[in-house]
Amino acid sequence: MISKSDIKKLAHLARIDIPEAEEEPLHHDLERILAYVGELQKVDTEMLDARARGTGLKNVMQPDAKKPALPSDPAELLAAAPDHDGRYVRVRSVWS
Amino acid sequence: MELENLTIAEAHKLLASRAISARELVAQTCKTIREKDPAIHGYLEVYENEALADASRIDKKIAEGESLGTLAGIPLAIKDNILVRGNMASAASRMLAAYTAAYDATVIQRLRAAGAIFVGRTNMDEFAMGSSTENSAFGPTKNPHDTSRVPGGSSGGSAAAVAAHECVGALGSDTGGSIRQPASFCGVVGLKPTYGSVSRSGLIAMASSLDQIGPITKTVEDSEILFDAIRGVDPLDSTTVDRAYLKDPKPMEHMVIGIPKEYFVGGLDPQVKEKVQDALRTLQGLGVKTKEVSLPHAEYALATYYIIMPAEVSANLARFDGIRYGLSKDAEKLFEVYAGTRHAGFGAEVRRRIILGTYVLSAGYYDAYYAKAQKVRALIKQDFDTAFETVDAIISPTAPTPAFKLGEKTSDPLAMYLEDIYTVTANLAGIPAISIPCGLSHDNLPIGFQLMAREFDEGTLFAIGKAYEQSAKK
């Protein structure tokens, strides 16, 4: 159903390091959870579409007026970043 | 004057008549916290000095003859995933252990405007993922009724703080039962409002099609007071709906309560079953009619939930990447910063749900899992629509058992997930649901029953709940 190599691939997609020692217990848990949620295959859903339902609202509009882009002081938000340079958040090289 | 056990409504009367001051009330609350919380650990942080200063400001307004609302001067506890500007908000995660909120959640702005006083932030399962508050990165909360047992979760800190009178009321959040199940375990009232009735701006998101903020209180009357203060449309959460609910919808003798035949079967603790049936008899004594209803897809609700919720979790928690805020593990390459930060910052349950959510959304599996679950969700909603054609409310247990022992379910995620079996349906269907205490087990552990109603019909829950409480008091 889900293989060990799937776990490595999913960890990569989700951007989470999963150390070797944690792969086996995670694999075991996921197999059991997927077996449980697999019960849904028994339900006949032939006639239904999968659109998400919510509150029935659509096209929620806001007035086309100038307002602050952020609820907070930009300096306060920048201070929360681990590293910044002036008004920019500094990150490690994207291309390497 | 006995200040310790006051409800919001009682405290308001005493404050309004100047029999007590807000400062006295806050000081008493902080004293109770100092005495009791070391054994319970409901709070992650208490703001005693700020709360006393806020109380003095309220007292000054009262002395100046200003007429104040019901919540003015009332000490409240706030779950640690709701932002209060200038205070820490960690969601009980290492990822946000040092994070300071840069703005107020909308519910906080509204409570602040009403004069409520925030005494502290409460413990929870990390990012609201769990049913016992044992998944907190800062240690578990204990049940005030028996400290060898869990308070439920994920809003376990808020429920325990209310039950132990370490605050007069509290806010929690509920994605699959996280307000109602701990309320049931701790013997207090917990409301999950209709989806779209309370703004989530400033709530650290878990699963956005399911999350709602709601009150945890000592009585149904208090639940209504807090709900009235936080509800209503907000431009910062575009899912909020401008729709008031009907107060005092109809007299008890015209109410019909549905009993879902699927809900009183396997896995339900006999003591819970007995107490919920006692509650039903009490309601019948008030003139309420009952009727058997069928929710044929209820048995698939938990499986549906454990696909949709992790899918949304995997998307929402992608923002925690060590770049803009929160924990950051430095490394040579950007990818290593992401992956290392997310391994170090997230606990095992959070990682498990992110990986599961990534799986059910990934190419080749999407239709079998996520699309299928969305369709079953529509069927679950349809079941409720059909049932509510003939009944005003539906009764069920809140949780299948009373509070369990610490450590009892931590090694088995599926056993923990089954705690939510009666509560997830309301989140999937978007309808309001309340848990109300209905007695004690042989071991003196609280048991709660759940009432569910139509969308935006909190009024029916409050009306039935208040009538039940008055009758049960006699």
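Miscellaneous remarks
- Sites B:A363 and A:N59 - FRET efficiency at Förster radius 25 Å, r taken between beta-carbons, to 0.05: 0.25
- For chain B, the relative contact order comes to 18 percent (Cα pairs under 8 Å, sequence separation of at least 6).
- Listed peptides B:414-423, B:255-264 by packing density, highest first (mean Cβ within 10 Å): B:414-423, B:255-264
- For the peptides B:306-313, B:387-394, the ranking by mean Cβ contacts within 10 Å, running from highest to lowest, is B:306-313, B:387-394.
- Modelled FRET efficiency - R0 35 Å, A:Q41 with B:T290, Cβ distances, 0.05 increments: 0.50
- The mean number of Cβ atoms from other chains found within 10 Å of a Cβ in peptide B:177-188 is 0, as a whole number.
- Relative packing of peptides B:27-40, B:59-72 - highest average C-beta neighbours within 10 Å first: B:27-40, B:59-72
- Annotation for the stretch B:10-71 versus the stretch B:306-348: alpha-carbon center distance of 39 Å.
- Shielding by partners for peptide B:10-22, expressed as the average number of C-beta atoms from other protein chains within 10 Å of each residue's C-beta, is 0.
- Cut-off 13 Å between beta-carbons: net charge of the residues surrounding B:S201, Lys and Arg +1, Asp and Glu -1: -1
- Counting Cβ atoms of other protein chains within 10 Å of each Cβ in B:236-243 and taking the mean gives 3.
- Chain lengthening between B:N49 and B:R324 when straightened (0.36 nm per residue, less Cα-Cα): 95.9 nm
- Cross-link partners of B:K247 among lysines (Cα-Cα below 26 Å; sequence separation of 8 or more within a chain): B:K13, B:K192, B:K218, B:K289, B:K291, B:K381, B:K466, B:K473, B:K474
- Length gained when the stretch B:F264-B:E469 is fully extended (0.36 nm per residue, less Cα-Cα span): 71.5 nm
- Potential lengthening between B:L68 and B:E332 on full extension [0.36 nm per residue; Cα-Cα distance subtracted]: 89.3 nm
- Global geometry of the stretch B:432-474, whether rounded, prolate or oblate, following the gyration tensor of its Cα atoms and the 1.5 cut on a/c: oblate
- Three-way shape call for the stretch B:149-262 based on the alpha-carbon gyration tensor, with the a/c threshold at 1.5: rounded
- Shape call, chain A: gyration tensor on alpha carbons, a/c limit 1.5: oblate
Taken together, the values in this text are just the output of simple stated rules run on the coordinates, not laboratory data. All values derive from a computational prediction rather than experimental measurement. With ideal geometry, Cβ positions are generated from the backbone for all residues, glycine too; neighbour counts draw on all protein chains shown.
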